[in-house]
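The values are calculated or read from the model by the stated rules, or taken from the named source; none is laboratory data. Remember, predicted model here, so these are calculated numbers, not experimental data. Because the Cβ atoms are built from the backbone with ideal geometry, glycine has one as well, and the counts that use them run over all protein chains shown. Only protein heavy atoms, including side chains, enter the accessible area calculation; ligands, DNA and RNA are left aside. Shrake-Rupley method; radii C 1.70, N 1.55, O 1.52, S 1.80 Å.
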Amino acid sequence: MSFGLPSLKVKPEVGSDVKVQEGPFGVPDPFTAGLGATKANVGITHPLEVSERNYRLNEEKMNMAMLRNIQGLHAPMRLNMELNFVNKVGRLPFLPSSNLQRDVLTGRDIEIGFEDILNTPDLCEVAGQPHAVVERSLGLL
């Protein structure tokens with residue numbers, strides 16, 4: 001019996017054939033290619049990795065499908081319209097945005113995640129002069 005909901009079963013997007021260029025001892029050599037290049041060559045290591053990368057997108061799709069089945073087509077369309085308006089809200093480039101309105105619309109305001117604790121503006125290492133940042137964004141600099 002189908003309710004029109006997306007599948008919860010993990011479907012890997014990448015094949016299982018992983019070709020790793022190995023060093024003399026049978027493991028990738030990060031000293032010659034670097035850690036980033038070695039990770040890029042390894043690819044997907046576990047079937048749940050794809051699911052975890054797309055968790056928010058899959059959750060949003062499932063919520064929209066349930067909302068459509070319960071309340072009709074107008075509810076997800078209205079929510080998408082409101083999210084599009086929230087994304088268009090602009091601030092000056094040097095002012096950080098908390099995206100509170102988007103978090104309220106998506107329900108993330110009641111969750112505490114990694115980005116809530118370790119992504120505070122006072123921990124930011126890059127702080128520019130406001131006038132220079134605005135001039136660069138306008139193409140004057």
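Where does the range 46-141 land on Rg/Rh, using Cα atoms and the Kirkwood Rh?
Rounded to two decimals, Rg over Rh is 1.07.
Sort 87-95, 73-81 by the packing proxy (mean of other Cβ within 10 Å over each peptide's residues), most packed first.
Ranked from most to least packed, the peptides come out as 73-81, 87-95.
Taking the Cα-to-Cβ direction at Ile70 and at Ser98 and moving 7 Å from each Cα, how far apart do the two end points lie in nm?
My value for the distance between the label points is 2.7 nm.
Treat each spin label as a single point 7 Å out from the Cα along the C-beta direction, and report the Asn63 to Met81 distance in nm.
According to this spin-label approximation, the distance is 1.9 nm.
So how far apart, in nm, are the two label points at Lys88 and Val133 if each is 7 Å from Cα heading toward Cβ?
Placing both labels 7 Å along Cα→Cβ, they lie 2.5 nm apart.
For Ser51 and Phe25, FRET efficiency with R0 = 30 Å and r from the beta-carbon atoms, rounded to 0.05?
That gives a FRET efficiency of 0.40.
Counting heavy atoms of the protein chains only and a 1.4 Å probe, report the per residue accessible area for the range 45-141 as a whole number of Å².
I get 84 Å² per residue for this part.
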